[in-house]
């Protein structure tokens, strides 16, 4: 029986099957090894990809952090620019208001200067009118004084002439006193009346000229007062006139 078993083991058919099995095992092993090698290559490839991905991810993270920092800085700059814009707008508003105030002041000063110039021109004309009025009044006073002197001189001459006539009449009446006793009183009466009329006329003329002279002196005083007032107003207007910027 042992011999039969050994015979079966070394039987050619049995050896062929084992050889076929060995071939199959070899093929399977080769396939397995090939697959293992492929898996190892794939594993290595995946490991490399993981390394690359990790490296890229690290770069992406760094870049992301850099971008986030840039974004933060940009936001800070935008906020600063916005605040600067707000402050600038406030300053512009303030400057605009100041310019408007200065423009109003300039207009008011221009109007005040124009008004002051108008008043000064009016005062200058009034001053010239008062000066002309003073010159005319002085000339009128001189004329009246000259007329008064002439009137006094004429009156004195008339009185002297009348006195001379009366003296001659008295001298002529003495030799003929008896013959002309009736005519002498008439002549004396006529001379007395003539003297009274001349004196009265001189008094009336003198009073008239004195009245005119008083009126002229009063007008002259008023003109001087107005002239002083005009000069005072002129000085006040010059003081009130605001200094004009160059």
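Here are the numbers for this structure:
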| quantity | calculated |
| --- | --- |
| Some residue of the stretch 84-93 being in a helix (DSSP H, G or I), closer than 29 Å to residue 236 by Cα and modelled with pLDDT of 85 or more | no |
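Residues checked against (1) exposed (fewer than 14 other Cβ atoms within 10 Å of the Cβ); (2) under 18 Å from residue 218 (Cβ atoms):
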| site | (1), (2) |
| --- | --- |
| 97 | yes, no |
| 109 | no, no |
| 114 | yes, no |
| 126 | no, no |
| 136 | no, yes |
| 141 | no, yes |
| 145 | yes, yes |
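The values are calculated or read from the model by the stated rules, or taken from the named source; none is laboratory data. Being a predicted model, the structure only gives us computed values, none of them experimental. Don't worry about glycine lacking a Cβ; one is built from the backbone with ideal geometry, like all the others, and counts go over all protein chains shown.
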